[in-house]
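What follows is one structure encoded as structure tokens, with my remarks underneath.
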Amino acid sequence: MKRFVTTACVGLVAVPLMALGMLRVDVDPALPVYTASEGVSGNIKSIGSDTMNNLMTLWGEEFKNFYPASRTEVEGKGSSTAPPALIEGQAQFGPMSRPMKGAEVDKFEEHYGYPPTPVRAGVDCLAVYVHKDCPIEEMTIEQVTEVFSVAGKDMTWGDLGIEDKDWASRPVNLYGRNSASGTYGFFKKIGLQGNDFKATVKEQPGSSAVVQAVSTDMYGMGYSGIGYRTAGVKVIPLSYEGYEAASPDAENAYSGEYPIARFLYLYVNADPTEGITDPLRREFIKLIFSQQGQEIVLKDGYFPVPATIAREDLEKLKIEYDF
């Protein structure tokens, strides 16, 4: 079987997702079980990715189980809102569904003298959704580019090989995210191969709104994180031309056979010489990289990171954790 290996950007380094080395959906048993520490209190503010709203909320609820006096406030209007929130000190965590752009890193570094630190908190597949009754079975990335971008004409379902007379002449109605979204940027880079979106793509305010729109439009097609899948839509296996189509599941994300897989990041302000020193942020990050924290990743429809990733990111932040 032919294989296309995708990469996920980690800082300035591209790492193959197959290098995660874990081809299963279970949480890595090498991750520790989280236990509460003393002297932890305060409020956590998260500003950034809409894709990660549910994750941040669920982590916050689990954190409160250990620290009843804590409170987590989550604001998700798009990944592009995370960098300025971190720079201005409005949030301790900046969730992003894409890596920070060079200009965003530069602005942060101009302010603090060091770059922000990315924490790889989970793995997501961006999915192409159609209505549950749509007869299409798979697509190539080249077709996705034609459908969604200015590189292709306005498409009908017949152009995608659907011969059913009730479908063939119908236009493909397109749904997507706005330009503040990391999902928008990542899909443009990989799914559209860098081309601009068609003006006919109906921009939605959030990831769940895209899926909801497609579920109510028989001839709709949209893109969103796999964690937002519902019974009203169908997920389309994808490939590059000449390769076998792969579904957006855990095995294909880790192996690199699914072409639109990515890390979900939490960006933090951490002096590289000191790391994370305050107990509130330290324990929240330890919870994320615990059995309980990665079970939440699975619960929300995403894929967990292995202990190897957790160790690397905790070491960057100088957080000690028993594995």
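Above 22 Å lies some portion of the pair distances; for the range 125-255, what is it as a whole percent of all C-alpha pairs? That tail contains 28 percent of the Cα-Cα pairs. In this Cβ point-charge picture (+1 for Lys and Arg, -1 for Asp and Glu), the range 243-289 has a dipole of about 200 debye about its Cα centre.
Dividing the mean sequence gap of close Cα pairs (under 8 Å, 6+ apart) by how many residues the range 46-146 holds gives a relative contact order of 25 percent.
Among 168, 29, 253, flag the residue with its Cα farthest along the positive direction of the charge dipole of the chain, charges on Cβ as +1 for Lys/Arg and -1 for Asp/Glu. Of 168, 29, 253, it is 168.
The charge dipole of the range 184-279, taken about its Cα centre with unit charges on the Cβ of Lys, Arg, Asp and Glu (plus for the first two, minus for the last two), comes to roughly 460 debye.
Calculated mean residue ellipticity at 222 nm for the chain: -7500 deg cm²/dmol, from DSSP H runs with n ≥ 4 weighted as -39500 (n - 2.57), summed, divided by the residue count and rounded to 500.
The alpha-carbon of residue 153 sits under 27 angstrom from the alpha-carbons of these lysines, leaving out residues fewer than 8 places away in its chain: 132, 165, 188, 189, 198, 202, 234. Using a cutoff of 8 angstrom between alpha carbon atoms and counting only pairs six or more residues apart, the relative contact order for the chain works out to 30 percent. If you plug the beta carbon distance of residue 154 and residue 231 into 1/(1 + (r/R0)^6) with R0 = 30 Å, you get a FRET efficiency near 0.55.
With the Kirkwood sum run over all distinct C-alpha pairs, the range 264-323 has a hydrodynamic radius of 12.0 Å. Dividing the convex hull volume of the alpha carbon atoms of the chain by its residue count gives 124 Å³ per residue.
Nearest 0.05, what FRET efficiency do residue 320 and residue 103 give at R0 = 56 Å with Cβ-Cβ as r? It comes out at approximately 0.95.
As a proxy for reagent exposure, ranking 260, 288 by other Cβ atoms within 10 Å from fewest up yields 260, 288.
Put a dot 7 Å past the Cα of residue 26, heading toward its Cβ, do the same for residue 298, and the two dots end up 0.8 nm apart. Counting other Cβ atoms within 10 Å as a rough exposure proxy, the listed residues 200, 72, 156 run 200, 156, 72 from fewest neighbours to most. The ranking of 70, 46 by Cβ neighbour count inside 10 Å, starting from the fewest, reads 70, 46. Here the simple spin-label model places points 7 Å from the Cα toward Cβ, and for residue 138 and residue 277 these points are separated by 5.5 nm. Computed about its Cα centre, the charge dipole of the chain is approximately 320 debye, with only Lys, Arg, Asp and Glu carrying charge at their Cβ.
Taken together, the values in this text are just the output of simple stated rules run on the coordinates, not laboratory data. If you're wondering where the values come from, they're calculated on a predicted model, not measured in any experiment. Note: ideal-geometry Cβ built from the backbone for every residue, glycine included; neighbour counts use all protein chains shown.
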